[in-house]
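Notes to accompany the following structure.
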Amino acid sequence: MIIAVGSLVYVKSILSVYDELCVVISNARPEFIGDASGHYYYEVYSFESKERFLAFDYEMTHVGKEDILPYFVKE
């Protein structure tokens, strides 16, 4: 799945107990070199931690798309 730069996404973070709200800030890059049909990774910016990091498309959920909720929510 290709995600557009500027899209808001929840990223399922392994470092925290809830999903982080992020914005995609780079174009898609293939997970494996030469694999055009596989998964992609992106550079994202977290609004909460104010850090940039790399995230894979299978770790992301679009905000507002089909009313999908994050995997883990902050209480």
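Here are the numbers:
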read-out: Area projected by the alpha carbon convex hull of the stretch 8-62, averaged over all directions, nm²; value: 3.8 nm²
read-out: Projected label distance in nm at Ser49 and Val5, using a 7 Å step from Cα toward the beta-carbon; value: 2.3 nm
read-out: Spin-label model distance (nm) - Phe56 vs Tyr18, 7 Å beyond Cα toward Cβ; value: 2.5 nm
read-out: Projected label distance in nm at Ile33 and Val63, using a 7 Å step from Cα toward the beta-carbon; value: 3.5 nm
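None of the figures in this text is laboratory data; all of them are computed from the coordinates on show. Being a predicted model, the structure only gives us computed values, none of them experimental. Heads up, the Cβs are rebuilt from the backbone with ideal geometry, glycines too, and the neighbour counts pull from every protein chain shown.
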